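Down below is the structure, laid out as structure tokens.
The values are calculated or read from the model by the stated rules, or taken from the named source; none is laboratory data. The model shown is predicted, which means the values in this text are computed figures rather than measured ones. Every residue, glycine among them, receives a Cβ derived from its backbone with ideal geometry; neighbour counts consider all protein chains shown.
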Amino acid sequence: MSMNHGKTLATLSVHAGLTPNEHRAVVTPIYQTSTFSFDSADQGAALFKGEEEGYIYSRMGNPTVQGLEDAIAALEGGHKSLACGSGMAAIHSALATLLSAGDHLICSDAVYGPTCSLVENVLTRMGIENTIVDTSNLAAVKKAMRPNTKVIFVETPGNPTLVVTDIAAVAEIAHTGGAQLIVDNTFMTPILQQPFRHGADVVVHSLTKFLNGHADVVGGVIVAKDEASYKQFRTALNHFGGVLPPFESFLVHRGIKTLALRMQRHCESGMKVAKFIEAHKAVEWVRYPGLESHPQHELAARQMSGFSALISFGLYGGLEAGKQLMDSVSLWTLAVSLGGVESLIQHPARMTHASMGAEARQRGGITDGLVRISVGIEDVDELIEDLDRALSRYKASMPAGVATSAV
């Protein structure tokens, strides 16, 4: 259960989720076991009936996994959380738990590509209707509401366009219509944004990204705001079976201990890189919530305590220029994912969002020339120097009269 006792997020990152253990280890031990023994047949029966607390089988609960779950719930200000085998497992489990055949779902148009595919290609086969909208446009959200709307799913900032949705305003729309709001908080982490404070009902994360932070685990998490919703999710997850194993839980929990420190560095470096990109004459446009040029900058400043490490931009020369840039960097790693200590660069239209299809990408503003970067914790000046060298290599792709060096 989330119990933060007024501690700061920096302190909670280090201490939250330590489960009691007989040897008083200062980190939660790895309980690498599939099952747990009972003192008696009666105790086993009581555990299965929920009349007694304890562990039965690791799909249903494990001390190592619970340590991670408790830590994330505390950081998010939620009640309890449930660790899942991937971010998509968390999203699928949350949506499948709250929706039934005949229900209607509203989803952001700028979300992780497989999320869109899940909504449009998988949930529809279960009889779940959907409307994909720009959730930063509140009028569009209100228009999309139906009597059978049960869930609004928002990823903010949006992936990969970094459009920002007003969580409190969308929560009010959802609740007025009898729906629940799920917020994917992966890009921000609870260090920078806490959706429950703005009215969200459920929060999900890809643990693979910032929370783990070291590109060595695939995982996800659902954070519930109260006991009733937690039990609902837990029952469903026990049946779905997509839980996170103990060893991976240990690694993510270890990563969280440096989360506050890492996010501070990500934000500082992200802002410096964003300003460099914005000033470079080879760049046609840039989106970073921390820049005053971002359309929702004022909202981002109110809703977040920092602007994270994700930057999207387009180059003069479009797709070919972007491909040349990605093939020319040396310190930036060409790879999908984000939120690790290493800096990554990728092309969403052909990589993370390829599964959406061209029409869905166009609807979400994901142009063929869009490049997304995740700023790591390396020396920021060296990261900028590497980008500058790479940008100077495609002079032929740029319009006449446009310089290739920064202003």
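The set of residues in segment 137-158 being assigned to a loop (DSSP other than H, G, I, E, B) and out of contact with any Leu (no Cβ under 8 Å at 6 or more places or on another chain) consists of N137, M145, R146, P147, N148, T156, G158.
Restricted to segment 181-217, and to residues that are surrounded by 24 or more Cβ atoms within 10 Å (Cβ to Cβ) and aromatic (F, W, Y), which residue is nearest to H253 (Cα to Cα)? Of everything passing the filter in segment 181-217, F210 is nearest to H253 (Cα to Cα). Scan segment 309-349 for residues that are over 26 Å from Q193 (Cβ atoms), hydrophobic (A, V, I, L, M, F, W, C) and assigned to a loop (DSSP other than H, G, I, E, B) and jot them down. Correct list: V329, L331. Determine which member of the set T115, T97, T124 is surrounded by 23 or more Cβ atoms within 10 Å (Cβ to Cβ) and assigned by TED's automatic domain parsing to the domain that holds D184. Criteria check complete, one pass: T115. Put simply, of G314, G306, G318 the only residue that is in contact (Cβ under 8 Å) with a residue 12 or more places away in the chain, assigned by TED's automatic domain parsing to the domain that holds G369 and surrounded by fewer than 17 Cβ atoms within 10 Å (Cβ to Cβ) is G318. Looking across segment 236-282 at every residue that is part of a loop (DSSP other than H, G, I, E, B) and modelled with pLDDT of 95 or more, the one that is farthest from R372 (Cα to Cα) is identified as G241.
Contact map, segment 36-58: residues that are closer than 23 Å to P245 by Cα paired with residues that are of a type in the set (A, V, I, L, M) and not in a helix (DSSP H, G or I), Cβ distance under 7 Å, separation 6+ or inter-chain. Pairs shown: F36/I56; L47/I56; F48/I56. Filter segment 83-92 down to residues that are part of a helix (DSSP H, G or I) and in contact with a strand residue (DSSP E or B) (Cβ under 6 Å, 6 or more places away or on another chain) and give me whichever is surrounded by the most Cβ atoms within 10 Å (Cβ to Cβ). Here the answer is A90. Of the set (1) closer than 25 Å to S337 by Cα; (2) in a helix (DSSP H, G or I); (3) touching a Ser or Thr at 6+ places or on another chain (Cβ under 9 Å), all apply to F233 but (1). Checking A45 against (1) outside any loop (DSSP other than H, G, I, E, B); (2) surrounded by fewer than 19 Cβ atoms within 10 Å (Cβ to Cβ); (3) under 25 Å from the mean Cα position of the chain (by Cα), only one condition comes out false. Which one? (3) is the only condition that A45 fails. The condition (being under 27 Å from G102 (Cβ atoms) and either assigned by TED's automatic domain parsing to the domain that holds S81 or not acidic (D, E) (or both)) is satisfied by just one residue among T189, T161, T176: T176. In a loop (DSSP other than H, G, I, E, B), at negative phi and out of contact with any Ser or Thr (no Cβ under 7 Å at 6 or more places or on another chain): is that true of E120 in this structure? Considered against the rule, which asks whether it is in a loop (DSSP other than H, G, I, E, B), at negative phi and out of contact with any Ser or Thr (no Cβ under 7 Å at 6 or more places or on another chain), E120 comes out as no.
With respect to G78, determine if the residue is at pLDDT 95 or above, in a loop (DSSP other than H, G, I, E, B) and on the phi > 0 side of the Ramachandran plot. For G78, the condition - at pLDDT 95 or above, in a loop (DSSP other than H, G, I, E, B) and on the phi > 0 side of the Ramachandran plot - is not met.
All conditions in (1) surrounded by 15 or more Cβ atoms within 10 Å (Cβ to Cβ); (2) in contact (Cβ under 8 Å) with a residue 60 or more places away in the chain hold for T33, with the sole exception of (1).
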